[in-house]
Amino acid sequence: MSERKILIVDDEQEICQLVGMYLENSGYSWDQANNGEEALSKFSQSNYDLLILDIMMPVMDGWTLCKKIRETSNVPVIFLTAKGEEWDKVNGLKMGADDYIVKPFSPGELIARVDAVLRRVKNMGEDSSVLQIGHIKINEKSRNVFVSDKPLSLTLKEYDLLLFFCKHQDYVFSREQILEKVWGYDYFGTARTVDTHIKTLRIKLGQDADYISTVWGVGYKFGMNG
């Protein structure tokens, strides 16, 4: 397997070196930038598999950097910051971050989060006509859905919604993001449409309804652990 390269963006040199050491010991290569502007320049010149961003930095902060990155790329982003308020976490996820870790952090947790995000990206990129998450199996070619090997009858949008969730396991999405991804930018309904479809989808999933969990203040997440 080719070595994954990660860009660490933090204005504290000690943090960059510490995180870099943890990554290197786990088989990753890494580069560093000390502010958002420098990171943006390096990102445009090199290929990175993941970015680890601080928020409070000179020249360009992490919020702005993440927003600019998301204009052109879906590269995974993890915020690693001392800003641990709930609003900060929600804001980070809404801006397109894949995960949010609060300082001080443990080396084991950091590497586990990095591994998990990169694993999700790899699974999303694998081409297969049959997608299976736990008891749920979706045949994309035939658009047939099975739960515990029993056929499940879904409406068009319920199917689209479930397929979207299965392809983005463990990601947290706001109602607005789900509306844009599943219904499209030109849909004129409200975000409450998402709540209604998720309610009916949970009913049809029965004992597997807890695959879809509500993340209060943010939106919804799909995963085997709820």
Report the antiparallel proportion of the DSSP beta bridges in the stretch 65-152 as a percent, rounded to a multiple of 5.
-> 70 percent
√(5λ) per eigenvalue of the Cα gyration tensor, the chain, largest first, Å = 34, 19, 16
Between residue 74 and residue 209, how many nm apart are label points set 7 Å from Cα along the C-beta direction?
-> 3.1 nm
Rounded to whole Å², per residue accessible area for the chain with a 1.4 Å probe reads 53 Å²
By average Cβ neighbour count within 10 Å, what is the ranking of 29-35, 69-75, 49-55, 130-136 from highest down?
-> 49-55, 29-35, 130-136, 69-75
Find which of 104, 90, 130 sits farthest along the positive direction of the dipole of the stretch 1-139, computed with +1 on the beta-carbon of Lys and Arg, -1 on that of Asp and Glu, about the Cα centre.
-> 130
Give me the percent of the accessible area of the stretch 56-167 that comes from carbon and sulfur atoms, probe 1.4 Å, all protein chains in place.
-> 52 percent
What distance in nm separates the simple spin-label points at residue 176 and residue 86, each placed 7 Å from Cα in the Cβ direction?
-> 1.9 nm
State the antiparallel share, in %, of DSSP beta bridges confined to the chain, rounding to the nearest 5.
-> 50 percent
Calculate one ³J(HN,Hα) per residue across the stretch 31-42 by plugging θ = phi - 60° into the Karplus curve 6.51 cos²θ - 1.76 cosθ + 1.60, and present them in order as whole Hz with x for glycine and proline.
-> 9, 9, 9, 9, 7, x, 5, 5, 5, 4, 5, 5
The stretch 155-208-the stretch 76-111 distance, computed between alpha-carbon centres (Å) | 25 Å
The answer for the net charge of residues other than residue 191 whose Cβ lies under 9 angstrom from its Cβ, with Lys and Arg +1 and Asp and Glu -1, is 0
Within the set 122/199; 89/204; 89/137; 89/199; 137/204, which residue pairs have Cα atoms separated by over 24 Å?
-> 122/199; 89/204; 89/137; 89/199
For the stretch 50-62, just list the computed ³J(HN,Hα) in residue order, Karplus coefficients 6.51, -1.76 and 1.60, θ = phi - 60°, integers in Hz, with x standing in for Gly and Pro.
-> 6, 10, 10, 10, 7, 9, 7, 9, x, 6, 8, 7, x
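Taking only DSSP H segments of four or more residues, each worth -39500 (n - 2.57), what value at 222 nm results for the chain once the sum is divided by all its residues, to the nearest 500 deg cm²/dmol? Could the numbers behind the result be given before it?
Numbers: 8 runs with 90 residues, N = 226.
Helices in the chain give a 222 nm mean residue ellipticity of -12000 deg cm²/dmol.
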Amide proton proximity set for residue 32, modelled H, under 5 Å, gap of 5+ | 8
Integer Hz, Karplus 6.51/-1.76/1.60 couplings in order for the stretch 140-152, x for Gly and Pro | 5, 5, 8, 6, 8, 10, 10, 10, 6, 6, 9, x, 10
What net charge do the residues around residue 18 carry, taking every other residue with its C-beta under 13 Å from that of residue 18, with Lys and Arg at +1 and Asp and Glu at -1?
-> -4
Could you list which residues have their amide H under 5 Å from that of residue 215, counting only those 5 or more apart in sequence or on another chain, with H placed in the peptide plane?
-> 220, 221
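The values are calculated or read from the model by the stated rules, or taken from the named source; none is laboratory data. Predicted model only: the values in this text are computed from it and were never measured. Cβ atoms come from the backbone with ideal geometry, glycine included; neighbour counts cover every protein chain shown. Note: areas computed on protein heavy atoms with side chains; ligands, DNA, RNA excluded. Shrake-Rupley method; radii C 1.70, N 1.55, O 1.52, S 1.80 Å.
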